[in-house]
1. Within region 1-16, can you find the residues that are farther than 15 Å from residue 68 by Cβ and surrounded by 18 or more Cβ atoms within 10 Å (Cβ to Cβ)?
2. Given the conditions (1) at pLDDT 75 or above; (2) over 11 Å from the mean Cα position of the chain (by Cα), and given that residue 12 satisfies all but one, which numbered condition is not satisfied?
3. Taking interchain pairs and intrachain pairs at least six residues apart, which have beta carbon atoms under 8 angstrom, with the first residue in region 68-80 and within 21 Å of residue 10 (Cα to Cα) and the second of a type outside the set (S, T, N, Q) and modelled with pLDDT under 70?
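The values are calculated or read from the model by the stated rules, or taken from the named source; none is laboratory data. Worth saying up front: this structure is predicted, and the values here are computed from it rather than measured. All Cβ positions, even for glycine, are placed from backbone atoms using ideal geometry, and neighbour counts span all protein chains on display.
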Amino acid sequence: MDIEQLRYFLAVCDCKQMTLAADTLFRFSPRITQRFTRIETILDFVRENAGLVFPHGRKLSPAARALRDFLLSPLAKKKTI
């Protein structure tokens, strides 16, 4: 999963709907749906219905948010030896 997929995943988790997530990310809804379907495949999850996040997604979102925040932090960008 890359940082863009992580952003999409979190937007859908926060908005609880693909269309609202697409609006939040300034993307077209089909693109969000396509990316989210890939995320579901990667994580082996299934949505509850067409628009809502899967139950395990709600449990995973705090860890995903922490990972996103770390990846975007200056510490992650700093090279270490």
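1. 15
2. With respect to (1) at pLDDT 75 or above; (2) over 11 Å from the mean Cα position of the chain (by Cα), residue 12 is out only on (2).
3. Qualifying pairs under 8 Å: 70/76.
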